[in-house]
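Nothing in this text is a laboratory measurement; each read-out follows from the coordinates by a stated rule. Since we're looking at a predicted model, the values are computed, not measured. FYI the Cβ positions are ideal-geometry reconstructions off the backbone, even for glycines, and counts take in every protein chain you see.
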Amino acid sequence: MGNVSQTGNNRRVSGLLNPSRSRRSWVEFLIEKALLAAGLFAVIFVVLIFAYIIYEAVPFFLQVNPLEFFLNIVWRPDSPTNPQYGLLPSLWGSFFITVMALAIAVPVGVVTAMYISQVARKLERSILKPLIEILAGIPSVVYGFFALVVLASVLSTLFGEAVVTRLNALNGAIILAVMALPTIISISEDSLTAVPKEYKEAALALGSSEWETLRNITLPAAKPGVLTAILLGFGRAIGETMAVLMATGNSPLLAFNPLQSILAMTALIARDFGEVAIGSTWYHSIFAVALVLLIITLLVNWVATSVVSKKIGWRIRR
Amino acid sequence: MISKYSKQKLYFWVMRVVAAIPLIFLGWIVGTIIFYAIPALKPSLLGAPTPGSYDSYGIGPAILGSIYVMVFTIIFSLPIGVLAAIYLVEYAKDNLFTKIIRMAINTLASLPSIIYGVFGFVFFLIILRFPKSAVVAALTLSLLTLPVIISASQEALLSVPKSYREAALAVGATKWQTIRDHVLPNAISGIMTGGILGLSRAGGETAPILFVYAVGLSGFVFSPLAPSMALPFTIYNLTLQSTGLEYTLPIAFAACLILLALITSLNILAIYIRNKARRRLEAVRSS
Amino acid sequence: MLVDDDWLKEFLIQEDFKALPSVISVRNLNLWFGSTHVLKSINLEIKRNRITAIIGPSGCGKTTLIRTFNRMCDLDNARVEGEILFDGYNIIGDDVDVVELRRRIGMVFQKPNPFPKSIFENVAYGPLIHGVRSKSKLYRIVQESLERAALWDEVKDRLKDNALSLSGGQQQRLCIARALAVNPEVLLMDEPCSALDPVSTAKIEDLMLDLKESLTIVIVTHNMQQAARVSDYTAFLYMGELVEFGPTSIIFERPREEKTKAYITGRFG
């Protein structure tokens, strides 16, 4: 072995077999288990969240007929004589503003993503992308504050007499749209950028203009990703609390006029949970609403990620 | 042919205008807040609030409270998040068990923030009988920041070239030695990005701490085991809950500006570190 | 002439082969990636203080084969059956201490992969994790390893420099030094020169001939001239099967198999 000093030669006595006996492999084993425990943390808390929300919602369904909960159009849990626990106003409120928000955010978001990934020059891109990340980082309470103080006044001036309440569904929808934009833009942009260059080059070589290539080749190829972006934007908007709470006026009415106040599920929970007596029917009813919200977000997210995994499969095959 | 390309030019201009909409909103929101907040900025703002009078109303306790919450959140969630990311990237086998862990992390990332508020109240205050405090706020917010930290750390660990791992293993390093000596040091800036993003997320959230920490009015609270004010909650409290908007609004604007400056500078720092790390890695890859 | 000259040469080589002790014996080795059968019933003897070259067209499984020798194949989620005997133990199986195995069987990779640390830290890493704590002893090991890798004279004044500041050829010799620092008995080289220029390649080939005095080398190469220049024995692998294995001179001058002949004369691959 030449003149090289025999490092670690004493280990050779231990041989090559039975690593389970050595201290080293015990340390490795313990480290792996510790890391696994950290990974399990998320699982434990997801289970706890579900368990406790369900646990606190069950008494409500024992006290109030579930049919009444799902079909009643009145939410008046604080009435001393005739409390009513109808889910419909807040469920409708959430969907109404979320759908309006997406109607604004999806076209703007997808077109912006198309512009950033396919048209923009490098300089424009390097300005746009970080600014959109900053938009994503603004706290929701700041958005809510802006909607309450500035946007609502602008809408009142704009629509004049037509405005039923100063804080209304449209106000909430616009601010939600702005908040959902970064999600929609960044995920759409990722999937547009992931479209193989060869597709575009083939189309360009056949004499399509860049615009035709973008519309006929790139956008259809990126469709699953864009769909995911829209679904995740939906999930973000329906789960948003502070901005909705501050922007929409929170009247539990089944309103179909966008210029009238509504109460969203998240706002209902945030507003009522602070003033309710623990253990009352009203207290449990809030958990019933939370459970519905939980199930909706979970479904949306599940559908969105199953579309994502399809998209990723497509990327790997490429 | 000419018409085809002039049409394209028109479309591209329309797209450019649409792409400007997010920026217009960003400018509008930030601009308005700066414009109205500047006149309200005075030294007394950093003091304690004065009940009944808004002339020298301070939000100092709210700033302190937010910093407390952010620091404790990161103390709780950064170690667990990084360890979980190491497990998922380096150890986890491709089986149902791993799938469940990933699903749970995705779920945590997508739940509405108010759900955490309700859960935090029930679990930490009612079941575990913890006091309403910065520590409980941080525990609740940790559930939100955990997925942020895990996904940033995972990206960072995955970006360390496989060849480093092989080189260390080939000289007889154990798996953990390889991770400790070669993977983590090269992933550190990505992990820091995750930590900073988690920090800014924790500082900006309101809904999760509505019921477990924040109060409308308090003096400086130095104990992490007592309730106090927090910046985002104070903004909410001074607007929607306010009875005299004409007095509270300037203070709310100032609070908005302070919060925005804090969160945005953290985010810019995170973006900067991440982009620098990505560039460095591309340089290593191409060499 | 009673005895044909070539025959005598071949006879002597065969006797030599029989007399030499095997360091690694591969017996009926099979390997799968998922459902793909990548290595099929391989039998091979690696002789002490000799250089064994594994050649074959790309995708034939030669890199996969060499990565089973130090269980690097574990990283690739491969399923392995059969025996690889090293030091009397079958190193295929869960009861093997792969860490100790990899210390005793070193490896150099296709692309130079120094750690993004100083030259000194690169070489010292192996001894350090195997318990060498004294500074002076570490320094001695680093110096000796760099000398054995013929790199000492070029780097002795810049041991604190980042290893990535070295040229490609120097980086690869640094990786060899890093492997030598834990004093392995076998050195596996996976196409070590494929990313290097001819001058650097020549240096590494010289180095291999020096190193075989003190250890056993297995080299995977797609460069047949290289195999012919440096190796004592050559194995020709084709589509996961070991087509022919024998003394290099015989494989290159009078191969028995038609496929081997076709490959070394450049008709395919």
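General observations
- Of the residues A:P224, A:S209, C:V80, the one whose Cα sits farthest towards the positive end of the charge dipole of the protein assembly as shown is A:S209 (charges of +1 on Lys and Arg Cβ, -1 on Asp and Glu Cβ, taken about the Cα centre).
- Gyration tensor over alpha-carbon atoms, chain B, equivalent ellipsoid semi-axes in Å: 39, 30, 17
- Other protein chain Cβ atoms within 10 Å, averaged over every residue that makes up A:290-296: 3
- P(r) tail for the range A:75-317: Cα pairs beyond 28 Å make up 41% of the total.
- Every helix of 4 or more DSSP H residues in chain A counts as -39500 (n - 2.57), and over all residues that averages to -22000 deg cm²/dmol at 222 nm.
- Angle in degrees between helix C:135-148 and the longest Cα principal axis of chain C, rounded to the nearest 10: 40 degrees
- Taking C:D190, C:D157 and counting other C-beta atoms within 10 Å, the order from fewest to most: C:D157, C:D190
- At 1.306 mPa s and 10 °C, Stokes diffusion of chain C via Kirkwood alpha-carbon radius, µm² per second: 82 µm²/s
- Here the peptides C:178-184, C:22-28, B:95-101 are ranked by packing, the mean other Cβ count within 10 Å, and the order with the highest first is C:178-184, C:22-28, B:95-101.
- Restricting the trypsin sites (Lys or Arg not before Pro) of the range C:38-138 to loop positions (DSSP other than H, G, I, E, B) with no more than 13 neighbouring Cβ atoms within 10 Å leaves C:R133.
- Sequence of C:V230, A:V276 once ranked by neighbouring C-beta atoms within 10 Å, starting from the fewest: A:V276, C:V230
- Surface/4 of the Cα convex hull for the range A:79-177, nm²: 9.2 nm²
- The protein assembly as shown: equivalent-ellipsoid semi-axes (sqrt of 5 x gyration tensor eigenvalues, Cα, Å): 64, 30, 26
- Highest-first arrangement of C:250-257, B:126-133, where packing means the average Cβ count within 10 Å: C:250-257, B:126-133
- Average other protein chain Cβ within 10 Å of Cβ, residues B:196-207: 3
- Computed from phi, the 3J(HN,Hα) profile of the range A:274-281 under the Karplus parametrisation 6.51, -1.76, 1.60 (θ = phi - 60°) reads x, 10, 8, 7, 4, x, 6, 4 Hz, with x in place of Gly and Pro.
- Evaluating kT/(6 pi eta Rh) at 25 °C and 0.890 mPa s, with the Kirkwood radius of the range C:169-267 over Cα pairs in the Stokes-Einstein relation, gives 170 µm² s⁻¹.
- Averaged over the residues of B:116-126, the number of partner chain Cβ atoms lying within 10 Å of the residue Cβ comes to 5.
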